[in-house]
Amino acid sequence: MTEETLATRYTEQEMRTPTHFGTGQEAVAVGVCAALGTGDMVYTHHRSHNHFIARGGSVYELAAELYGRVDGCASGRGGSVHLTDPAKGFMVSSAILAETVATAVGTALAYAMDGEAKVAVCFFGEGTLDEGAFYEAINFAAIRKLPVIFACENNLYATESPLSVRQAEGSDLCDRLRAFKVTSERVDGNDVVAVYDAAARAVEQARSGGGPVFLECMTYRWREHVGPMFDHDAKRTYRDKAELDAWIAKDPVWRSAARLVEQGIAKADEVEAWAAETKAEIEATVERARHAPWPSPDTLFENA
């Protein structure tokens, strides 16, 4: 709901930062982050909002950052793709493919050298596996058996390029990682319980000295690569509405809600009430962030 609220408000043109929405991919962030401890550290990529919130980041600080306000998590200076909240175990997001893979491996190395039972996690899209730096980091982590988890959000497209035009027929991402002797597992990335179970196993292995783990989470983004719109119209034909609709039917949020009802944990009307209350709270929070003060020009070069 946070992302959908922000996407709706983005069209008002008051958020002047390029923004990558991850609607449809929420279960990966929630499932992985739920398996982490307070001392673990998360790094991520440009489609970062879900991870920031799942790690405990403030919706208010996220919205304020998108509006460029001083109350944003990066004081309004970083924008959508440079979120940060180290106190919550969320170090940074970055738009440079594979950059945070390397930095997460560096953090894991520090944990290992200091004898700390902590885990570093890096989220990234499958397009990152087209970068050479990814394999350098993976190889180093494997050789040193570092406590790092590589959480790949495979949403089938890198910008607008499908897997079929970027990888040889029959390619298997998990097999690539197994070639480096990295434990690898493919999971339904729209099933939060499946993601959590796989992440819990990965965290246990990494924390106990068993080395890195690669999780390939199969999921799908609803909106365009960058921006708040849908992109299945006649002008942009790299994917069609039928494909999008098939994935919307697998909406991870409502799959989780349906599970609560099926298991008798909640009633359907209770779920609907929670959704309405949450939506109202988020809308009020985003509006409050919109009216937060601007950062002072005098602080422009601080932390430069």
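At q = 0.09, 0.10 Å⁻¹, what is the log10 ratio I(q)/I(0) for the stretch 20-141, with the Debye formula run over Cα points and no solvent? The computed values of log10 I(q)/I(0) come out as -0.23, -0.29. H82 exposes around 90 Å² of accessible area when a 1.4 Å probe is run over every protein chain in place. Just the protein heavy atoms count here, and of the accessible area of the chain at 1.4 Å, carbon and sulfur take up 55 percent.
Counting only Cα atoms, the stretch 167-304 measures 51, 51, 45 Å along its principal axes, largest extent leading. Any of K88/K118; K88/K145; K241/K279 with alpha carbons more than 18 Å apart? Name them for me. As for pairs spanning more than 18 Å Cα to Cα, those are K88/K145; K241/K279.
Under a Gaussian network description of the chain, with springs only between Cα atoms under 10 Å, the residue in S161, S94, S80 that fluctuates furthest is S161.
As a test, work out the antiparallel percent of DSSP beta bridges whose residues both lie in the stretch 1-152, rounded to the nearest 5. If I count the DSSP bridges inside the stretch 1-152, around 10 percent turn out antiparallel.
Other residues whose C-beta falls under 13 angstrom from the C-beta of P147 contribute a net charge of 0, scoring Lys and Arg +1 and Asp and Glu -1. For the stretch 82-167, the average shadow cast by the Cα convex hull is 6.1 nm², which is a quarter of the hull's surface. Per residue, the chain exposes 46 Å² of solvent-accessible protein surface, assessed with a 1.4 angstrom probe and all protein chains in place. Largest first, the three principal axis extents of the alpha carbons in the chain are 50, 50, 45 Å in whole numbers.
In units of the rule-of-thumb radius 2.2 N^0.38 Å, the stretch 1-74 shows an alpha carbon radius of gyration of 1.11.
Start at zero, step by 5 Å, and the Cα-Cα distances of the stretch 235-304 spread as 3, 12, 11, 10, 12, 11, 12, 10, 10, 6, 2, 0 percent across the bins. Helical content of the chain, expressed as a calculated mean residue ellipticity at 222 nm, amounts to -13000 deg cm²/dmol (DSSP H runs of 4 or more residues, -39,500 (n - 2.57) each, divided by residue number, nearest 500). Can you give the accessible area of W254 in Å² (nearest 10), computed on protein heavy atoms with a 1.4 Å probe? Approximately 130 Å² of W254 is accessible to the 1.4 Å probe.
The values are calculated or read from the model by the stated rules, or taken from the named source; none is laboratory data. Just so we're clear, the structure is a prediction, and the values are computed from it rather than from any experiment. Heads up, the Cβs are rebuilt from the backbone with ideal geometry, glycines too, and the neighbour counts pull from every protein chain shown. With ligands, DNA and RNA removed, areas are computed over all heavy atoms of the protein, side chains included. Shrake-Rupley method; radii C 1.70, N 1.55, O 1.52, S 1.80 Å.
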